[in-house]
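Heads up, the thing below is written out as structure tokens.
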Amino acid sequence: MTFKPARLLLALVAVASAPAFAQNLAVVNGKAIPSSRAEAVIKQVVAQGQNQDSPELREAVKNDLIAREVLMQEAVKQGYDKKPEVREALDNARQSIVVNALAREYITKNPVSDAQIKAEYDKVKAETGDKEYHVRHILFTTEDEAKAAIGKLKGGAKFEEMAKTSKDTGTAGNGGDLDWVTPGALPPEFSAGFTKLQKGAITDVPVKTNAGFHVIKLDDTRPVKFPSLDEVKPQLTENLSQQKLRDYQEQMVKKAKVQ
């Protein structure tokens, strides 16, 4: 399998701060490159699924680490590490590394429970409902314009034709089609405008949202194909973990003395 240099470079950046051990991969101008750094790069590259651990991969990693060390020494020799913009970038990188380590440790010690995942699943499922709707709409700037459009539609005008004048340029060209949607995915006032409609019907009065005034048509409905808990468990776990981190951060900020 062909080794991907770009992925190797990303891996090198990710493990640039790997801890040093006694065994060295190489010594460049008296500066040792720990073997642990190469092992970390190889592990990451293999985990990405682009390469398998092989003598060729190890040789490529070794050569790139040596080249990187040579360039680093030359950059330091020329004083690049003392440039203000470089020092600022280093400070930012150090901060990110340390904060990420804290975040990983916090989640390890405060994992999301199966009960929390199930509760979130049930909540999302309830908010989504058991039905989805194929909806079209025409957006107007004023209520009077929307009312006039409703009158024309009641008189026999074609919805898809009138949608060409919609202020929603993203749907004006396809008959105002919003595709299949669930009520929870849209503003509540908008959803309330179509959930009580019969198939093929349009709203009797304009529906107001922050975007303007809508005339809505319901094309069809169908049962929601909601994924199983096992299918969405990884995503729910990640979302809940991130929420835990945000809550933890907010707690720390509240305790901090900010002047």
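The values are calculated or read from the model by the stated rules, or taken from the named source; none is laboratory data. Keep in mind that this is a model prediction, so the values were computed, not measured. Counting neighbours? That spans all protein chains shown, and the Cβs are built from the backbone with ideal geometry, glycine included. Protein only, heavy atoms only, side chains kept; ligands, DNA and RNA dropped before computing areas. Shrake-Rupley method; radii C 1.70, N 1.55, O 1.52, S 1.80 Å.
Quick look at the values:
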item	result
Residue 64, sole failed condition from (1) assigned to a helix (DSSP H, G or I); (2) touching a Phe, Trp or Tyr at 6+ places or on another chain (Cβ under 8 Å); (3) not hydrophobic (A, V, I, L, M, F, W, C)	(2)
Within the stretch 205-233, tally of residues that are outside any helix (DSSP H, G or I), of a type outside the set (Val, Ile, Thr) and in contact with a Lys or Arg (Cβ under 9 Å, 6 or more places away or on another chain)	12
Pick from the stretch 31-47, criterion within 32 Å of the chain's Cα centre (by Cα) and among the hydrophobic types (A, V, I, L, M, F, W, C), ranking: most open to solvent (accessible area, probe 1.4 Å)	47
Every residue from the stretch 213-224 that is surrounded by 13 or more Cβ atoms within 10 Å (Cβ to Cβ) and out of contact with any helix residue (DSSP H, G or I) (no Cβ under 8 Å at 6 or more places or on another chain)	219, 221
Only one of 227, 234 that is exposed (fewer than 14 other Cβ atoms within 10 Å of the Cβ), at pLDDT below 95 and out of contact with any strand residue (DSSP E or B) (no Cβ under 8 Å at 6 or more places or on another chain)	227
Among (1) among the small types (Gly, Ala, Ser); (2) in contact (Cβ under 8 Å) with a residue 40 or more places away in the chain; (3) out of contact with any strand residue (DSSP E or B) (no Cβ under 9 Å at 6 or more places or on another chain) - the single one residue 146 does not satisfy	(3)
Residues located in the stretch 48-96, provided they are open to solvent by 90 Å² or more (accessible area, probe 1.4 Å), farther than 14 Å from residue 38 by Cβ and either in contact with a strand residue (DSSP E or B) (Cβ under 8 Å, 6 or more places away or on another chain) or not hydrophobic (A, V, I, L, M, F, W, C) (or both)	52, 77, 78, 80, 82, 84, 85, 87, 88, 91, 94, 95
Test result for residue 57, more than 22 Å from residue 76 (Cα to Cα) and either outside the structural domain of residue 72 (by the TED database) or at pLDDT below 50 (or both)	no
Candidate set: the stretch 97-142, residues that are small (Gly, Ala, Ser) and assigned to a helix (DSSP H, G or I); chosen: the one least open to solvent (accessible area, probe 1.4 Å)	103
Pair list, Cβ < 7 Å and 6+ apart or interchain, from the stretch 154-183 residues that are farther than 30 Å from residue 128 by Cβ to residues that are surrounded by 12 or more Cβ atoms within 10 Å (Cβ to Cβ)	162/138; 162/149; 162/152; 162/153; 164/172
Residue check, residue 147 over 30 Å from residue 167 (Cα atoms) and open to solvent by 90 Å² or more (accessible area, probe 1.4 Å)	no
